[in-house]
Amino acid sequence: MSSFSNLLIPAVLFFALGAIARIIKSDLRFPPDLAKVLSIYLLMAIGLHGGYELAKADLGTAINAIVWALILGFSMPIVGYLVLIMTRKVSPMDAAAISAHYGSVSAGTFLTAIAFLDSSGVEYESYPLIMLAVMESPAIIVGLLLAAWARKQIAAGNTAGGVSVDDLDNDASKSNFSHLLKDAFTNGSVVVLIGSMVIGAISQPSGIEKIKPFIDDIFMGVLCLFLFEMGMEAARRIKEFKKVGAVLGVFGVVMPLAGGFVGALVGHEMLGFSVGGTTLVAVLGASASYIAVPPAMRLAVPEANPSFYLTLSLGITFPFNVLIGIPLYYWFATYLAGG
Amino acid sequence: MSSFSNLLIPAVLFFALGAIARIIKSDLRFPPDLAKVLSIYLLMAIGLHGGYELAKADLGTAINAIVWALILGFSMPIVGYLVLIMTRKVSPMDAAAISAHYGSVSAGTFLTAIAFLDSSGVEYESYPLIMLAVMESPAIIVGLLLAAWARKQIAAGNTAGGVSVDDLDNDASKSNFSHLLKDAFTNGSVVVLIGSMVIGAISQPSGIEKIKPFIDDIFMGVLCLFLFEMGMEAARRIKEFKKVGAVLGVFGVVMPLAGGFVGALVGHEMLGFSVGGTTLVAVLGASASYIAVPPAMRLAVPEANPSFYLTLSLGITFPFNVLIGIPLYYWFATYLAGG
Amino acid sequence: MSSFSNLLIPAVLFFALGAIARIIKSDLRFPPDLAKVLSIYLLMAIGLHGGYELAKADLGTAINAIVWALILGFSMPIVGYLVLIMTRKVSPMDAAAISAHYGSVSAGTFLTAIAFLDSSGVEYESYPLIMLAVMESPAIIVGLLLAAWARKQIAAGNTAGGVSVDDLDNDASKSNFSHLLKDAFTNGSVVVLIGSMVIGAISQPSGIEKIKPFIDDIFMGVLCLFLFEMGMEAARRIKEFKKVGAVLGVFGVVMPLAGGFVGALVGHEMLGFSVGGTTLVAVLGASASYIAVPPAMRLAVPEANPSFYLTLSLGITFPFNVLIGIPLYYWFATYLAGG
Amino acid sequence: MVTLYPHKLVNIITLDVLEERLTAMFHRHGVSGYTILRAHGAGASGERAGTLDFEANILVKVIVPEEKLERLLNGLQRQVDKGYQLTVFVADVDVINPAKFAGSLESNS
Amino acid sequence: MVTLYPHKLVNIITLDVLEERLTAMFHRHGVSGYTILRAHGAGASGERAGTLDFEANILVKVIVPEEKLERLLNGLQRQVDKGYQLTVFVADVDVINPAKFAGSLESNS
Amino acid sequence: MVTLYPHKLVNIITLDVLEERLTAMFHRHGVSGYTILRAHGAGASGERAGTLDFEANILVKVIVPEEKLERLLNGLQRQVDKGYQLTVFVADVDVINPAKFAGSLESNS
Ligand SMILES: Nc1ncnc2c1ncn2[C@@H]1O[C@H](COP(=O)(O)O)[C@@H](O)[C@H]1O
Ligand SMILES: Nc1ncnc2c1ncn2[C@@H]1O[C@H](COP(=O)(O)O)[C@@H](O)[C@H]1O
Ligand SMILES: Nc1ncnc2c1ncn2[C@@H]1O[C@H](COP(=O)(O)O)[C@@H](O)[C@H]1O
Ligand code: NA
Ligand code: NA
Ligand code: NA
């Protein structure tokens, strides 16, 4: 099938339907807690599925994949930060918060890519899944480090404000940097995903068999519902494009392209994955988090303007990846495999 | 099977259980958002299913069905309005708001009819589904037109109150009648239903195959849960029967009977449907909306007393159709087919 | 398989994951209404399943099972009350409220036991299910009676406070003891469970067939999600252990052991069940309610301190049963069968 | 120009499971209506996280004309005396439509 | 020491379906923001249990400096005149950051 | 007759993700409890629709005796200085049970 036929996958069509509903100003509203429940379900299902597969996988390749996930997760925010600072369009705090989103990943985009590969009949390895789990946290940590560094620079010439370690009023469990690190690893999404992977890996096969209908059969339908709502949220955010400005808008497209390119190279060259697996690693590189990272940044980098990072990750990069990026990364993975 | 054995269908039994729970004053409460989530799911599932079927259907018949859906949707509220005005029991505003409900349709009743036909092993066409989607909006529009007309009549002798076009304080996006029309078409239920139909029609078959377990296998169970809650809501409303009075109460039974009769004739004579399809068109004619229309009337006809239209559509007509109407319309469809 | 391999059942592992998430202070939060929706689903599914099975069952055995369920449900709270009074650690009101929880049952624990038996390939009768439904109410009634008796004792020397029958200000529908009894039988959980059983028993088989995927296929997965959340709740409660004190803490382990022992004897000796069925009756004896009884006690015994009964039933007995009790009762049932 | 009429707003924080008990009392105490919001929180009796039925809070708001305040507070006090935990606080508010708060729930239904 | 600045808190209890209508009005009336809570309740028009879309309540809170109160109340009164049921009450509150309430939603977006 | 005792009700509108941060502060500031309601809204920083975790609001209510007000407001002001967006307003309320608000959360747990 043509690599652009992803537009005829139900998951992508529901994403578009959500966006259209918002654009025509429909009064359709999803209940406040639905997105949360759906994302807990999706993380649980991919975790269980992935853990089950990984228990049968090759340890050496798994470790290799983890190492490369860490390298991507730590390096991409730094690159993003430097690029953003060079644009001179945002403060250092904003640059730190934005770039943390790009080092992390979007499970929604990843799952859309899986739906795309499935409907194209392309096989893929299960290692990218463990990379997904691993990549949630490092970017948050780098974001915090960059923000702490930027804060220190600012504080050198200005003693007021900022989360500083010696601040008397701080809650002991928050102020300390080591506690911010802990937060990155006890993040709800990370716990559900990694916990489910472990359960998938160690459960008796008969037990897993019993929950298969829940995690496999209804999975695609639940994903459609999730992307339906996310389409509405993305369209709400894209309206704020003008606040963000053209330069940042371009960043929201170029950054995933660069991440997808690097991810594909890692998948193909370093990890020796098939076209499907390479596409998935590209998607990990390209996608920006909009579930786990925004609340973490709200809490840890209150000085950053959320309009910037939300509009970029949810309003620009997410729809770009879903509609254009995924088939593009797939095409590139095919090119690499053929080269 | 006997045409009254619908009382042994789980969906109908759960409706009854909900009503009983309320009548015995159980402290059972469903969370506030559950009905909303369930109805989004049901609309999505029937939309996808119907769109998929319709993509394979005959265009001429489909257009014919749409035309007749429009005729029913536009004419029934007008008939209802005239009857209500003649009873002299309600104001013109109330008559407009009530009759809009009867021109529209109830997806819950329609789905119960499908469960009834399924469990009786009766086949049915997929065209009534597109009629369901089409009939949501016209009735809302006619209701608005009737209310505007009534309001004008009242305003002729009384300058105070009412939503008038030249009201300075009105929100530009609301006051204008064309915007009220827009609201009828961007109504949340309409967007989910029609959007899902389009997706069902244009998606790749392999993609639809992947979401079948979500939209088909668990469908009846979700419908049971939905009707369980709706049974509770209907029973809560029926208590207000005394406020509504006997004449209106009779209207709540006669109107669906008339609509079911007309609908069956349309299904059999005009559209040439089988007994199953004819039953479904009868149900479209008979049922009154209690999801999409009440909020629209709250907003557009604030002068109407909601007790009237809610008690009639949810407390009287809905249980009447579920318990008695459906087997009756089926019997009538069988009679027509045999005649 | 070894009787302690229950720790490798996904349901048990998700319970543990929830507890761990809380212990490592993850920011994972489940939406407020999720537990409610999941427990309505679980009660509906086990009710339907059980009713369907029971329609095919032997009436004599069923009645016998119901009688023994009543005996257990009425006698266990009395025993618990006397033991608690003897410890001299709690007031009579607290003793009444706590012991009501132990006479009742925990559907979550019961379902985990079923998952355990399933994954061990052990067959079981369907009668324990009807016992589960029957045992919800008697314990509540005994709890109310014990509290009324204790209140009377206290009032003999003290005229202030307490829910007394002649209290002028009382709502007529609450103050009267007969109304408190009514509450025990119209309790939401009881209505869903018994209602679904009746529906499962009287529905046409073709109707039940249509809802099987909803109540069977996805059941284990939903149970995992429910236990995931309950693991978090249990861990939150166990922190309050110190408030409860060692003596009560011991009660929270000894009471289920005693109840499990008695239950197993009833299952094996009186009802002649297989090892699987005997294990389930033991679990009914051992488990303490944390869904239906706590709200009932809040309302009817406001003088009792909820910290006591919540910490005991949810924080101590529930995890004890899930992790240790179930395999132990199974082992004991095997022993009885072999003896 | 909109005229404002002074009234009393009685707020009650209590358990979700007591909702029906309270609203039954409101029917007997001649108030014209009530509004209820779901809440969670913490106090002397520990945390009420709101995830399970038995530890969810509600915040109940009842607006009454000054002359009905005493009777309502007495009714609430009696509930407290019976052991029900209510956190009660009263504020001054001005309403634009005093007729709305003069009626009673009983006469409506 | 924190300085407090007197303001007015306008509370509106109404139907969930009117939310967009009200917020559109706030944009036109120069208020700086609003906060909305979901609620259920009962009053002269019967019970609003909150389980179905068309009978859920909201409690809307708008803080305004005293000089903007009249204009906002007039706007609300006009909605009532049109038949929309609003339960409105006003309270005195003190804010720590008066600049926040001087702006308007329009100028933000 | 029920006696009423004047207290201060501090209201804070902020982000859901800051809840734990605030409640930790309450434990340190000697308040006796708090009540939290979920909300959505809009203000200078745009709309917070409440459908995604990172843009849901909460409305926090803390009742304190007058003498504890200053300390609590100072604590809140310090959070604002650090960049956290808090919308704070204070109202006068009367309570029926002043003993309840004299204690502190720390001493409870
Ligand atoms: N000082 C306070 N300020 C606001 N809400 C409170 C306060 N104290 C108690 N509450 C609320 O009242 C509920 C019961 O409090 P308590 O009876 O003290 O445990 C708590 O869960 C809070 O929601
Ligand atoms: N006296 C009152 N105190 C608090 N809320 C009220 C009062 N009267 C009415 N309400 C609220 O306003 C809504 C509409 O009231 P009504 O228009 O009187 O039916 C009710 O559903 C309640 O939420
Ligand atoms: N004037 C106001 N009245 C009521 N709530 C407000 C007001 N201004 C802001 N808020 C609330 O405070 C939140 C943050 O406001 P802001 O920091 O101005 O964006 C908003 O989302 C509203 O919920
Ligand atoms: Na990335
Ligand atoms: Na109709
Ligand atoms: Na028990």
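The values are calculated or read from the model by the stated rules, or taken from the named source; none is laboratory data. Owing to the predicted nature of the structure, the values given are computational and were not obtained by experimental measurement. FYI the Cβ positions are ideal-geometry reconstructions off the backbone, even for glycines, and counts take in every protein chain you see. To get the accessible areas, we keep the full protein, side chains included, count just its heavy atoms, and leave off ligands, DNA and RNA. Shrake-Rupley method; radii C 1.70, N 1.55, O 1.52, S 1.80 Å.
Using a 1.4 angstrom probe and counting only protein chains, how large is the accessible area of A:CYS224 in Å², to 10?
The accessible area comes out at roughly 0 Å².
With θ taken as phi - 60° and the coefficients 6.51, -1.76 and 1.60, list the Karplus ³J(HN,Hα) couplings across segment D:87-93 in order, rounded to whole Hz; mark glycine and proline as x.
9, 10, 9, 10, 10, 8, 9
Once you put a point 7 Å from the Cα of B:LYS152 and another 7 Å from the Cα of C:ILE24, both along the Cβ direction, what distance in nm separates them?
Output for this residue pair reads 6.8 nm.
Treat each spin label as a single point 7 Å out from the Cα along the C-beta direction, and report the B:ASP216 to B:LEU7 distance in nm.
Using points 7 Å along Cα→Cβ, the separation is 3.4 nm.
So what's the back-of-envelope 222 nm ellipticity for chain B, counting only DSSP H runs of four-plus at -39500 (n - 2.57) apiece and dividing by all residues, rounded to 500? It would help to have the intermediate numbers written out before the result.
Numbers: 17 runs with 240 residues, N = 339.
That comes out to -23000 deg cm²/dmol.
Would you tell me the mean number of C-beta atoms belonging to other protein chains that fall within 10 Å of each C-beta in F:77-87, as a whole number?
Mean shielding count: 6.
Can I get the semi-axes of segment C:1-66's equivalent ellipsoid? Compute them from the C-alpha gyration tensor as square roots of 5 times the eigenvalues, in angstrom, largest first.
For segment C:1-66, the ellipsoid semi-axes come out as 34, 19, 9 Å.
Which of these, B:LEU129, B:LEU17, B:LEU227, has the largest mean-square fluctuation under a Gaussian network model of chain B (Cα springs below 10 Å)?
Comparing B:LEU129, B:LEU17, B:LEU227 in the GNM, the peak value goes to B:LEU17.
Once a ≥ b ≥ c are taken as the square roots of the eigenvalues of the Cα gyration tensor of segment F:5-97, is the result rounded (a/c under 1.5), prolate (a/b larger than b/c) or oblate (a/b not larger than b/c)? Please list the in-between numbers first.
Details: a/c = 2.02, a/b = 1.67, b/c = 1.21.
It is prolate, given that a/c is not under 1.5 and a/b is the larger ratio.
Share of Cα-Cα pairs in chain C beyond 34 Å, in percent?
Of all Cα-Cα distances in chain C, 22 percent exceed 34 Å.
Okay, helix-only estimate at 222 nm for chain D: each DSSP H run of n ≥ 4 adds -39500 (n - 2.57), divide by all residues, round to 500 deg cm²/dmol; what do you get?
Computed ellipticity for chain D at 222 nm equals -8000 deg cm²/dmol.
What spacing in nm lies between the two simple spin-label points modelled at A:SER75 and B:TYR335, each 7 Å away from Cα in the Cβ direction?
7.9
Mind pulling the angle between the C-alpha long axis of helix B:275-286 and the longest principal axis of chain B? Nearest 10 degrees, somewhere in 0 to 90.
Computed tilt is about 20 degrees.
Quick one: which residues, 5 or more positions from F:ALA39 or on another chain, have an amide H under 5 Å from its amide H? H modelled 1.01 Å from N in the peptide plane, none for Pro or chain starts.
F:ASN57, F:ILE58, F:LEU59
Between segment C:197-274 and segment B:60-135, how many Å separate their Cα centres?
Each part's Cα centre sits 45 Å from the other's.
Pick out which of C:PRO319, C:PRO306, C:PRO128 has the largest mean-square fluctuation in a Gaussian network model of chain C, springs linking Cα atoms closer than 10 Å.
C:PRO306
For chain A, what is the relative contact order in percent, using Cα pairs closer than 8 Å and at least 6 residues apart in sequence?
Reported relative contact order: 32 percent.
Rounded to the nearest 0.05, what FRET efficiency do B:LEU82 and A:ILE324 have when you use their Cβ-Cβ distance and R0 = 56 Å?
Result of the calculation: an efficiency of 0.55.
With angles folded into 0 to 90 degrees, how steeply does helix B:59-87 sit against the dominant principal axis of chain B? Use alpha carbons for both and round to 10.
Helix B:59-87 sits at roughly 40 degrees to that axis.
Assuming R0 = 41 Å, can you tell me the calculated FRET efficiency for the pair F:HIS27 and C:VAL67, based on Cβ-Cβ distance, to the nearest 0.05?
Rounded to the nearest 0.05, the efficiency is 0.20.
Quick check for me: using +1 on Lys/Arg Cβ and -1 on Asp/Glu Cβ, what's the dipole size of segment A:2-336 about its Cα centre, in debye to the nearest 20?
About 900 debye.
Tally Lys/Arg at +1 and Asp/Glu at -1 over every other residue whose Cβ is under 12 Å from the Cβ of B:LYS239; what's the total?
Numbers: positive: B:ARG22, B:LYS25, B:ARG236, B:ARG237, B:LYS242, B:LYS243; negative: B:GLU233, B:GLU240, E:GLU47.
Surrounding charge for B:LYS239 is +3.
With 20 Å bins from zero, work out the P(r) of the protein assembly as shown over every alpha carbon pair and list the percent per bin.
10, 38, 41, 11, 0
Counting only the heavy atoms of the protein chains, how much of A:TRP68 is accessible to a 1.4 Å probe, in Å² to the nearest 10?
60
Kindly express, to the nearest 10 degrees and within the range 0 to 90, the angle between helix A:10-23's C-alpha long axis and the longest C-alpha principal axis of chain A.
40
Which is the longest stretch in chain C that no exposed loop site breaks, taking sites as trypsin sites (Lys or Arg not before Pro) with a DSSP loop state and at most 15 other Cβ atoms within 10 Å?
The longest uninterrupted stretch comes out as C:89-238.
To the nearest whole number, what is the average tally of beta carbon atoms from other chains within 10 Å of the beta carbons of peptide A:291-304?
4
Per-residue accessible area for C:ILE324 at 1.4 Å probe radius, Å² rounded to 10?
80
Please find the FRET efficiency linking B:SER274 to F:ARG78, where r is the Cβ-Cβ separation and R0 is fixed at 60 Å, and quote it to the nearest 0.05.
E between B:SER274 and F:ARG78, to the nearest 0.05, is 0.20.
Segment E:1-44 to segment E:67-94: how many Å between their Cα centroids?
With segment E:1-44 and segment E:67-94 each reduced to a Cα centre, they are spaced 9 Å.
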